[in-house]
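Engineer: Can you read through this structure? Questions will come right after.
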Amino acid sequence: MAGKKTTISVIKADVGGYVGHSSMHPDLVTKADDMLEVAAEKGLVADFHVTSCGDDLELIMTHTRGPEAPDIHKLAWDIFLAGTEVAKKLGLYGAGQDILKDAFSGNVKGMGPGVAEMEITERKSEPIIVFMADKTSPGAWNLPLYKMFADPFNTPGLVIDPSMHEGFNFLVLDVIESKEIMLSAPDELYDILALIGSPARYMIKAIYRRTDGEIGASASTQKLSLIAGKYVGKDDPVLIVRSQSGLPAVGEMLEPFAFPHIVEGWMRGSHNGPLMPVSFEDATPTRFDGPPRVIAAGFQVTDSRLIGPVDLFDDPGFDMSRNKANEIADYLRRHGPFEPHRLPADQMEYTTLPSLLAKLKDRFKSAK
Ligand code: F6R
Ligand code: MG
Ligand code: MG
C-alpha cells in the first residue's frame, strides 16, 4: 500500500571484534537476528536486516513508531548488551566497546551506539540505500553527500530533473558547540562548503528537498570521543539515503564513492586515509587496520518490508576506485608517523603527546 508511514532505523555498535578490530564473529549476527525475529513476531519491528561492516554490528530495522522511539532504541540496546555477553564468552576483542553507559534512559543517542533514522511516507516505489563505514567518523559523509545533493557534475538530475531543480536544504551540525544550522543549496553553496569542508567539526545531519520538505538523507552524527571524553574507538558512521523520482538516482548516490576521498580514522583512529568502497565480503579492514571501508546496501521499502539487500559496491565499475584507494593508502603509509598521514594532535584519538610534553617540560629552554 503506497502512502503509508514507515520509519527506517539503522542503529549500530562495536560490541566486540574478531580478530582484533577487523571483523565480525557470526555468533553476534545470529544473536541479533534471533532477538529481532522475536521483536518482529511481537510486532515491535515490521522488518529487519542484520549485517556488519568491519567490527561493527549493524541493525537495519523498519517500524511505524517514528524516529527516536524508546521501544526501538531499547531493543537495539538490549541486542548490543546480549551481543557483548556473546563477545565476552568468545573472548572477542574489545567486548562491549561502544557500551558507554550502564543504564538505558529512553534513547541510545549519547550512550555509544551510532544512529541514523528517517520517517517517510512510502512512495509508489521506495528505493533506499544504507551506507555503512568502518574505521572512520561521521564527517566522512560530508563530501559524498555534497556531491549527491548539490553538485551537478555528479548529479545531472539537479540540472535536468524539474523536481530537483530547486535544490536541497542541508542540516549541518557543529559537534563542538552542539548547535545546528539549516542552509540551502544552491543559493548558499559557498557557506555550506565553508563549514562542511571541516568534517571533524561540521557534519551533515540530514538533507531535505526544498520544494516539499521531503527527506533525502539522514546520517549518524555521534562522536564517541566527545561523548566519552576519551578515546573509545572511532564512531564508524551510517547513512540512509532515499533515491529516484525527484531525488538523486541510485547511480548518482553511488558515484561520489568512485573518488576515494581522504577521511580521518584508520589505524588507532589517528590517521588520514582513503575511503574504499567495497562489497559486503570485502568489508574486513586488515591493512594497517584499514584502509577505511564503506559498503552500500540497497533495499526497496515496500509496506514497511525491506526487500533486499543488493550489495551495491559489488560492481567492477568500482575496481578502479579500489585500486586508486590502495595506491593512496600506500603513498600515505610511507609518511609513517608524520602528518598529514598522522592526524593533527587535537584530532588524534590516541596520543601520548600531553604526557610526553609534561615529561620534557623542564628540558625545553628558551630559544635563542
Ligand atoms: C581504529 C581501531 C583500531 C585500533 C587499534 C589499536 O578505529 O579500532 O585501529 O585503534 O587496533 O587497538 P587497541 O588500542 O585496542 O589495541
Ligand atoms: Mg573495535
Ligand atoms: Mg569499527
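Engineer: So, with +1 on the Cβ of K and R and -1 on the Cβ of D and E, and no other charges, what is the size of the charge dipole of region 95-136 about its Cα centre, to the nearest 20 debye? The partial results should precede the final answer.
Structural biologist: Numbers: 5 positive and 7 negative charges, 15 e Å.
With Lys and Arg at +1 and Asp and Glu at -1, about 80 debye.
Engineer: Return the distance in nm (one decimal) between the two label points of a simple spin-label model at Ala103 and Glu122, each offset 7 Å from Cα along Cα→Cβ.
Structural biologist: The modelled label-to-label distance comes out at 3.9 nm.
Engineer: Show me 318-331, 202-215 ranked by packing, highest mean number of other Cβ atoms within 10 Å first.
Structural biologist: Ranking the peptides 318-331, 202-215 by packing returns 202-215, 318-331.
Engineer: Another question, then. In whole percent, how big is the carbon plus sulfur part of the accessible area of the chain, probe 1.4 Å, protein atoms only? It would help to have the intermediate numbers written out before the result.
Structural biologist: Numbers: 8730 of 16150 Å².
Of the solvent-accessible surface of the chain, carbon and sulfur hold 54 percent.
Engineer: What percent do you get for the relative contact order of the chain when only Cα pairs under 8 Å and 6+ apart count?
Structural biologist: That works out to 18 percent.
Engineer: Taking N as the number of residues in region 153-216, what is its Cα Rg relative to 2.2 N^0.38 Å?
Structural biologist: Normalised Cα radius of gyration, region 153-216: 1.15.
Engineer: Take Asp314 and Thr352, extend 7 Å from each Cα along the Cα→Cβ direction, and tell me the distance between the two endpoints in nm.
Structural biologist: That separation, rounded to one decimal, is 4.4 nm.
Engineer: Between Tyr331 and Asp78, 0.36 nm times their residue separation minus their Cα-Cα distance comes to what?
Structural biologist: Details: separation 253, 0.36 × 253 = 91.08 nm, distance 4.25 nm.
Answer, rounded to one decimal: 86.8 nm.
Engineer: Beyond 17 Å, what percent of the Cα pairs of region 93-175 remain?
Structural biologist: Every Cα pair in region 93-175 considered, those over 17 Å come to 68 percent.
Engineer: Sorted by average packing, counted as other Cβ atoms within 10 angstrom per residue and highest first, what order do 347-357, 272-282 take?
Structural biologist: 272-282, 347-357
Engineer: Next question. In whole Å, how far is the Cα centre of region 29-96 from that of region 181-211?
Structural biologist: Rounded to whole Å, the Cα centres lie 32 Å apart.
Engineer: Could you check the spin-label model distance between Met182 and Asp71? Points 7 Å from the Cα along Cα→Cβ, value in nm.
Structural biologist: 3.0
Engineer: Viscosity 1.002 mPa s, temperature 20 °C: what is the translational diffusion coefficient of region 184-278 from Stokes-Einstein with a Kirkwood Rh over Cα pairs, rounded to a whole number of µm²/s?
Structural biologist: 139
Engineer: So, one more: Sorted from largest down, what three extents in whole angstroms do the Cα atoms of the chain have along their principal axes?
Structural biologist: Its Cα atoms span 75, 51, 40 Å along the three principal axes.
Engineer: Continuing with the same structure: In Å, what is the Rg of the alpha-carbon atoms in region 49-202, and how long is Dmax?
Structural biologist: So, for region 49-202, Rg and Dmax equal 18.4, 56 Å respectively.
Engineer: Which order do the peptides 287-294, 242-249 come out in when sorted by mean C-beta neighbours inside 10 angstrom, highest first?
Structural biologist: Numbers: 287-294: 23.5, 242-249: 21.2.
Top of the packing list down: 287-294, 242-249.
Engineer: Span-like helices, the chain: DSSP H, alpha-carbon axial extent 24 Å or more, mean Kyte-Doolittle -0.5 or greater, which ones? Before the final figure, lay out the partial values.
Structural biologist: On the way: long enough: 70-90 (30 Å, 0.18).
Helix filter hits for the chain: 70-90.
The values are calculated or read from the model by the stated rules, or taken from the named source; none is laboratory data. What you see is a predicted model, and the numbers here were worked out from it, not measured in a lab. All Cβ positions, glycine included, derive from the backbone under ideal geometry; neighbour counts span all protein chains shown. Protein only, heavy atoms only, side chains kept; ligands, DNA and RNA dropped before computing areas. Shrake-Rupley method; radii C 1.70, N 1.55, O 1.52, S 1.80 Å.
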